[in-house]
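Just so it is clear, none of the values below were taken in a lab; they were calculated from the coordinates. Predicted, not measured: the structure shown is a model, and the values here were computed from it. Please note: Cβ atoms are built from the backbone with ideal geometry, for glycine as well, and neighbour counts cover all protein chains shown.
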């Protein structure tokens, strides 16, 4: 973890237009992506390389397809190469966004390389944009009320980026108990770790690290997936999630047909044997 209180870069300084195709295996899925040959440790914030948090988030999605199944439309912030978003597109329609025009061109090519059963659109989005910028995206959301699933990875890269990031999330996330912004994050500075929770709370969102997602990533760092939900709706969602878990546990505890037959045999067997013995003795 770096000691600096903040990390800030001019993304235009690192634009690379040389790309190679790579295949990324995520769970049972394979995606072909054009990306820069630069190492993931290079200070390139234009989204032309594969960052560790994108792989973390994609792995989480692959292991939890129910997050995407049935979603009417998801939106990815700062898509870069689009690994999480294009994986999500295997389960539901997706809008991929990025602010950099060069990256958007690569993103569109990656979407073409991974055509699937659901639509994928690529849109330019600058988080610091005006209301009109967000209106055009909201017009593409279900019922024009926002998106029930937002994705983002390695988008919380500096303290300066956080207010705009969570402003974007608050404007685009629909106000439903199940609506969630899934954030793939690699911890590089303690100030940013704290800032994520504070800036999310400032716009009415609650952040929670998803249990079991924290792991080591290249560079001696750690990453995890965060759930970001509307604070005033998070409690209702947790109640629903707990109730669903209890129902699943109850179903698992109930015996199946084969178990029922065994229990019946064990219970009725001695009884029937006793009745047969009584009848035999009576006939004697």
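Derived value for region 11-241: Kirkwood hydrodynamic radius 17.5 Å. Basis is the mean of 1/r over every pair of different alpha-carbon atoms. Between residue 209 and residue 128, the modelled label-to-label distance comes to 3.1 nm, taking each label 7 Å out from Cα in the direction of the beta carbon.
Express as a percent, rounded to the nearest 5, the fraction of DSSP beta bridges in region 11-241 (both residues included) that run antiparallel. Each step should come with its number before you reach the end.
Working: 22 of 40 bridges.
Roughly 55 percent of the DSSP beta bridges within region 11-241 come out antiparallel.
Between residue 178 and residue 160, the distance separating the two model label sites (each 7 Å from Cα on the Cα→Cβ line) works out to 4.0 nm.
Gain on full extension, evaluated as 0.36 nm per residue between residue 121 and residue 102 minus their Cα-Cα distance, stands at 5.2 nm.
The antiparallel fraction among DSSP beta bridges confined to region 63-152 stands at about 0%. With the convex hull drawn around the C-alpha atoms of region 41-141, the volume per residue stands at 96 Å³.
Label-to-label distance, residue 143 versus residue 193, with points set 7 angstrom from Cα along the beta-carbon direction: 3.9 nm.
Using a ≥ b ≥ c from the Cα gyration tensor of region 112-239 (square roots of the eigenvalues), is it rounded, prolate or oblate, where a/c under 1.5 gives rounded and otherwise the larger of a/b and b/c decides, a/b for prolate?
Verdict is rounded for region 112-239.
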